[in-house]
Amino acid sequence: MQRRRKYGVKEYAEKVPVRLYLFDILYLEGRLMLKRPYPERRKILEKNVRQSGKIKLAKQIVTSNIKEMQNFFEKSIKKNLEGVIVKSVENKSIYQPGNRGWLWVKWKKEYAEGMRETFDLVVIGSYYGKGQRKGKFGALLCAAYNKKKDTFESFTKVGSGYKDEDLEEINRKLEKIEVKKPLGNVSFNNDMKPDKFYKPQIVIEVLGANITTSPKHTAGKDSGRKGYALRFPRFLNIREDKSALDATTLKEIEKLK
C-alpha cells in the first residue's frame, strides 16, 4: 500500500478494499484531549464519527474478566489480525505521546503461540531515551554468555516492558557500573553500538517471540555465519539472584534454536 499505483487504481481498490479504523481522538475543534481518560475520549470519538463502509470504529470490549479477554483475543487471531491492545480505563488513562507504559499493552499473536522460554541476559550497553524517557535509557543492549570464549555477546535490544520504577532502579544500578569504553570480554557489532557502556554485571529476565539469525548481533556469530537474535524482546524483571556468569549461555540458545 505504500507504493503509488498509476494504473488500475479502481480495479485494485475493489480487489483489496481499504478501510480506516479509528480507535482514539486527541484533538477536537481546537481542544486537546490528551489529559482526558481513555473511556471519555472513546465516547467523544463515538459521538463525532459517522461510520460507513470505509470508516469504522475499532471494535472493543470493556471487561476485567480474563476468559472474556482471552476469547476476544483468539477471535482477533482467527481473523488474521496481529493481536489486540489492552488499555487501562482508569482515571489516569490519559494519552502520553511517546510513552504508553502500562496504560497500553500489546498482546500479540507471537506472545501467545511463540516462545514460552525466558532468557536471563546481561546488560552491556544502553541507548539514550526520548520523550518521556529523556534523561533515562530508551533501550538496553543485552548479551548472552559464551562460556567457551568467556565473552558476553550481544543477543537483543530491549526497549519495552519497563515500568517507571524499573527505569529508575535500573538507571541507578547502571550509573555505578558505567565505563568509558567497552571491556574486552564484551562483543557487539558497530551498527548496534550503544550510547553508553557497562561492566557486564546486571542480569535481567527477558521474554521474546522467537530466535532468529541476524547480522546485527554477535551471539554465536562466526566466519560466514550470522549471529543469533531474540525478536520482540520484553523486559520482565531484574535477576538479583544471578551473576553475569549465571546468564543464559550461547549453548542454551543454540538448543532452543
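Things to note:
- Filtered residues of segment 132-159 (kept if surrounded by fewer than 24 Cβ atoms within 10 Å (Cβ to Cβ) and either outside the structural domain of A244 (by TED's automatic domain parsing) or among the hydroxyl-bearing types (S, T, Y) (or both)): T151
- Qualifying residue in segment 123-131 (condition: touching an Asp or Glu at 6+ places or on another chain (Cβ under 9 Å) and among the aromatic types (F, W, Y)): yes
- Note on segment 24-40: among residues that are under 22 Å from K56 (Cβ atoms) and touching a residue at least 60 places away in the same chain (Cβ under 8 Å), the one that is surrounded by the most Cβ atoms within 10 Å (Cβ to Cβ) is Y38.
- Screening I77 with (1) touching a helix residue (DSSP H, G or I) at 6+ places or on another chain (Cβ under 7 Å); (2) under 24 Å from P97 (Cα atoms) gives one miss only, at (2).
- Residues that are free of Cβ contacts under 8 Å to residues at least 24 places away in the same chain and within 14 Å of F23 (Cβ to Cβ) were ranked within segment 61-76; the one that is surrounded by the most Cβ atoms within 10 Å (Cβ to Cβ) is S76.
- Restricting attention to segment 160-192, the residues that are surrounded by 12 or more Cβ atoms within 10 Å (Cβ to Cβ), without any contact (Cβ under 8 Å) to a residue 40 or more places away in the chain and assigned to a loop (DSSP other than H, G, I, E, B) total 3.
- Residue match in segment 205-213 (condition: surrounded by 21 or more Cβ atoms within 10 Å (Cβ to Cβ), closer than 26 Å to E254 by Cβ and more than 18 Å from the chain's Cα centre (by Cα)): no
- Residue-level check: of (1) among the small types (G, A, S); (2) closer than 30 Å to P97 by Cα; (3) surrounded by fewer than 23 Cβ atoms within 10 Å (Cβ to Cβ); (4) at pLDDT below 90, G224 misses just (2).
- Sole residue being exposed (fewer than 13 other Cβ atoms within 10 Å of the Cβ), at pLDDT 80 or above and more than 30 Å from Y162 (Cα to Cα), chosen from K15, K92, K54, K43: K54
- All positions within segment 128-155 that are within 14 Å of T248 (Cβ to Cβ) and in a loop (DSSP other than H, G, I, E, B): K147
- Checking I211 against (1) assigned to a loop (DSSP other than H, G, I, E, B); (2) touching a helix residue (DSSP H, G or I) at 6+ places or on another chain (Cβ under 9 Å), the condition it does not meet: (1)
The values are calculated or read from the model by the stated rules, or taken from the named source; none is laboratory data. None of these values were measured; they are calculated from a predicted model. Glycine gets a Cβ as well: all are built from the backbone with ideal geometry, and neighbour counts include every protein chain shown.
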